[in-house]
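Read through the structure below, which is laid out as structure tokens, and then see the notes.
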Amino acid sequence: MNKMLYNQTIMDRSRLIDIEDRGYQFGDGVYEVIGVYDGDFFLLDDHLRRLKRSAEAIQMMLPCPIDTLKDNLKQLVTMNQLKEGVVYLQISRGVAERWHQYPSNVSPVLVAYTKVEETMKEEAKNGAKAIITEDIRWLRCDIKTLNLLPNVMAKQKAVENNAVEAILHREGIITEASASNVFIVKDNCVMTHPANHFILNGITRMKILELCYETGIPVRECAFTIDDLRMADEVFISATKLDIVPIVFVNDHKIGTGDPGEITREIINCFAAAIQ
Ligand code: PDD
């Protein structure tokens, strides 16, 4: 059984969740999913920076300094001998009598555990199907909060339609997907929604933008429509450990030739090299 880290102490899975933990009752907390490749974290500092930002956005204290957290997470991966997978880390505001407003004098509750997870090798090679559905989330999607019900509902719809992801739109503008960011390629230019309150600024997304700048692939952070997506030459999604998956069907509409495109493949190769 994997070991968990609970308020900086290594505990086992038998630890109970308090019924008045605000993460459990209100989704009042933040989380991160951090990739581990060949036993090493990928972009750990970036994930911890985003965690701090998410906590600040909801005026929540972190239970310990980031450097302590970083050391504990490394210890967790070593202890569980995780080679390929993710660390799931969540911090709730803490345990308090159930009133909606932030309680005073509450200590945040931190839980982290390792999960074995492979990258989507088959889909990365051959491409996959996505569906489009309405983005019914709130207006602070930039915060990685524990409130994921709209995302859960969208992903369920994708699965029921034999798709790997649900691509979300707000009044016809593509924002992101239920658990990943969305990119299109048109006339050799890569496009993705700007990092504002409508999307989670993915750590993988930021790495892809950096790789595009480095390799000279033209890239723009701009809004695009459902029609732009359907008419794109290439489409791909990105997220931690999913990495990059080409989307070759959107609903029953074929994207480009129906095979992963050249630019997507180039970015996949650059990304794989960055992980090494
Ligand atoms: N989700 N957008 C949303 C809504 C997400 O939930 C995620 C990741 C991303 C991609 O972010 P990143 O590249 O930092 O993983 C974008 C994680 C993996 C999850 O909830 O399991």
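The values are calculated or read from the model by the stated rules, or taken from the named source; none is laboratory data. It should be emphasised that the depicted structure is a prediction, and the values quoted were computed from it without experimental measurement. Don't worry about glycine lacking a Cβ; one is built from the backbone with ideal geometry, like all the others, and counts go over all protein chains shown.
Here are a few things to note about the model shown:
- Checking Lys52, Lys74, Lys125 one by one, the residue that is outside the structural domain of Gly258 (by TED's automatic domain parsing) and more than 16 Å from the ligand (Cβ to nearest atom) is Lys74 and no other.
- In the stretch 83-109, the residues that are closer than 15 Å to Glu56 by Cα and hydroxyl-bearing (Ser, Thr, Tyr) form Cβ pairs under 8 Å with partners that are modelled with pLDDT of 95 or more and surrounded by fewer than 14 Cβ atoms within 10 Å (Cβ to Cβ), at six or more places apart or across chains, as follows: Tyr102/Gln59.
- Some residue of the stretch 191-199 being over 16 Å from Asp227 (Cα atoms), small (Gly, Ala, Ser) and in contact (Cβ under 8 Å) with a residue 60 or more places away in the chain: no
- Scanning the stretch 210-230 finds one or more residues that are within 16 Å of the ligand (Cβ to nearest atom), closer than 26 Å to Gly85 by Cβ and in contact with a helix residue (DSSP H, G or I) (Cβ under 6 Å, 6 or more places away or on another chain).
- Residue list for the stretch 221-238, filter: touching an Asp or Glu at 6+ places or on another chain (Cβ under 9 Å) and more than 12 Å from Ile174 (Cβ to Cβ): Asp233, Glu234
- Scope the stretch 62-120; condition hydroxyl-bearing (Ser, Thr, Tyr) and surrounded by 13 or more Cβ atoms within 10 Å (Cβ to Cβ); matching residues: Tyr88, Ser92, Tyr102, Tyr113, Thr114, Thr119
- Residue match in the stretch 161-180 (condition: surrounded by fewer than 18 Cβ atoms within 10 Å (Cβ to Cβ), small (Gly, Ala, Ser) and within 16 Å of the ligand (Cβ to nearest atom)): no
- Long-range neighbours under 8 Å by Cβ, at least six apart or interchain, first residue under 25 Å from Asp259 (Cα atoms) within the stretch 111-128, second of a type in the set (Phe, Trp, Tyr): Gly127/Phe249; Ala128/Phe249
- Matching residues in the stretch 228-265 - criterion: being over 13 Å from Ile167 (Cα atoms) and loosely packed, with under 15 Cβ neighbours inside 10 Å: Met231, Asp252, His253, Lys254, Thr257, Gly258, Glu262
- Which listed residue, of Thr215, Thr175, is of a type in the set (Ser, Thr, Tyr), in contact with a Leu (Cβ under 6 Å, 6 or more places away or on another chain) and not assigned by TED's automatic domain parsing to the domain that holds Asp40: Thr175
- Single condition Val185 does not satisfy, out of (1) within 15 Å of the chain's Cα centre (by Cα); (2) surrounded by 22 or more Cβ atoms within 10 Å (Cβ to Cβ): (1)
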